[in-house]
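Just below is one structure, and these are the notes that go with it.
The values are calculated or read from the model by the stated rules, or taken from the named source; none is laboratory data. Source: prediction; values computed, not measured. Please note: Cβ atoms are built from the backbone with ideal geometry, for glycine as well, and neighbour counts cover all protein chains shown. We work out accessible area using only protein heavy atoms, side chains counted, and drop any ligands, DNA or RNA first. Shrake-Rupley method; radii C 1.70, N 1.55, O 1.52, S 1.80 Å.
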Amino acid sequence: MGNWQTLPFGAVLLEQMATSSYRDGQWSEPRLVPSDRMDISPAAHVLHYSSTCFEGLKAYRWRDGSIHAFRMDMHVARMCRSAALLCLPEPPAELVARVIRMAVDAGRAGVPDLPAALYIRPTLIGTNGSIGSAGKGAEEALLYVLVSPVGPYFKTGAKGLTVLLEQAAWRTTPGFGMAKTGANYASSLRRIMQAKREQDADQIVFAPGGIVQETGAANVFLLAPERVLTPAKTEDFLHGVTRDSLLRLAARQGYRTEERQISADELLRWCATSEIALSGTAAVLAGVGTVIADGVTHQLGDGGIGPVTARLRQALVDIQSGTAADELGWLTEM
Ligand SMILES: *Cc1c(COP(=O)(O)O)cnc(C)c1O
């Protein structure tokens, strides 16, 4: 396959997507359609009132040629939860799984070899055409699943990321952070762009009121030789599947894992002695080398990826790639 190392993440879509639409209280039988365009009303609910949510999961082609999706059930369940939070018609979990399988099956030949993967993007949008539906949930919807061969998400290699610690602004509104929806990205984008431009930061760690939540697109971990910490779940941030997986793996490896409130001050104290990393399907676990807070730059270690971060990341990648046994039943053969 092509050179996925240099490919921009998500820029190449395989030719077909799988879809099911909702109308008159019914979901249609899934079918395959070309992935390069679709026909929706310019008045579609999603285009005016942001009735949209999505998922992002990966499938890996093992050395023997078989293809395995990582924690598909958990991603499907989260999509259904996001749909409910957005007052979108909630598709049955079984249907979402079937549409995902159909898209992967159609793209089988385009699933790249390791260390690349197939990124799977289930998306749900409100499609009924009525610009007068501001006060109503979408009555018609389209579920579609895109598939895209991808290489690594961050291109910094062995260099750690630079994050800005933001203690005033929210990423999104209280209570809506646990929906995986484009609106949350839109609401944080201006600050993220500003942090990139003015501080050369890769991401922002949002900690409104001095309480750490997450970055714009990944959960936050603090790591030390015996301990792994991450903020306890609240409705204000996205509950990552990677977050859950890393916590469980770390516990099995003998780390003391803690899910609790973490303050911005504690995160800054952590910089002096330990590691910070960001977790998500795209990035897996990406080490932070620099934290900028109130105009002060704090370097972690030598600014590279810390050893605990590297070890945990590798443990997860080994399961995903079939190198280590899937003892927790996280993979689904596709
Ligand atoms: C998708 C996402 C994550 C990471 O979730 P994973 O399930 O680990 O991929 C974290 N934060 C936000 C805002 C997200 O959209």
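Summary of values
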{"quantity": "Spread of Cα-to-Cα distances over 5 Å intervals beginning at zero, given as percent, for region 1-138", "calculated": "2, 9, 18, 20, 20, 14, 9, 5, 2, 1, 0"}
{"quantity": "For the chain, convex hull volume per residue from C-alpha positions, Å³", "calculated": "132 Å³"}
{"quantity": "Ala232-Ile211 pseudo-label distance in nm [points 7 Å out on the Cα-to-Cβ vector]", "calculated": "1.0 nm"}
{"quantity": "Separation between Cα centres of region 228-242 and region 85-133, rounded to whole Å", "calculated": "23 Å"}
{"quantity": "Peptides ranked, highest mean first, by Cβ atoms within 10 Å: ranges 72-83, 291-302", "calculated": "72-83, 291-302"}
{"quantity": "Residues of region 112-127 with amide N under 20 Å of the 7 Å Cα→Cβ point at Val317", "calculated": "112-120"}
{"quantity": "Principal-axis tilt of helix 307-320 within the chain, Cα atoms, nearest 10 degrees", "calculated": "30 degrees"}
{"quantity": "Computed lengthening from Glu327 to Tyr185, 0.36 nm per intervening residue step minus Cα-Cα distance", "calculated": "47.7 nm"}
{"quantity": "Accessible carbon and sulfur surface of the chain relative to its total accessible area, %, 1.4 Å", "calculated": "51 percent"}
{"quantity": "Proximal lysine pairs, the chain, alpha carbons under 22 Å, eight or more residues apart or interchain", "calculated": "6"}
{"quantity": "Rg over Rh [alpha-carbon atoms, Kirkwood Rh] for region 252-334", "calculated": "1.04"}
{"quantity": "Computed [θ] at 222 nm, deg cm²/dmol, the chain (DSSP H ≥ 4; -39,500 (n - 2.57); rounded to nearest 500)", "calculated": "-8000 deg cm²/dmol"}
{"quantity": "Accessible-area value, Lys136, 1.4 Å probe, nucleic acids and ligands omitted, Å²", "calculated": "110 Å²"}
{"quantity": "Simple Cβ-charge dipole of region 94-141, Lys/Arg +1 and Asp/Glu -1, about Cα centre, in debye nearest 20", "calculated": "40 debye"}
{"quantity": "Ala324 long-range amide H proximity, modeled H, under 5 Å", "calculated": "Ile319"}
{"quantity": "Probe 1.4 Å, all protein chains present, accessible-area order of Ile305, Ile131, largest first", "calculated": "Ile131, Ile305"}
{"quantity": "Solvent-accessible surface ranking, highest first, for Ser274, Ser245, Ser187 at 1.4 angstrom", "calculated": "Ser187, Ser274, Ser245"}
{"quantity": "Residues Ser263 and Gln199, FRET efficiency given R0 of 22 Å [Cβ-Cβ distance, rounded to 0.05]", "calculated": "0.55"}
{"quantity": "Helix 182-199 axis, angle to the chain major axis (alpha carbon atoms, nearest 10°)", "calculated": "40 degrees"}
{"quantity": "Förster radius 30 Å - calculated FRET efficiency between Asp302 and Ala251, Cβ distance, rounded to 0.05", "calculated": "0.60"}
{"quantity": "Cα centre as origin, Lys/Arg/Asp/Glu Cβ charges: the chain dipole, Debye", "calculated": "220 debye"}
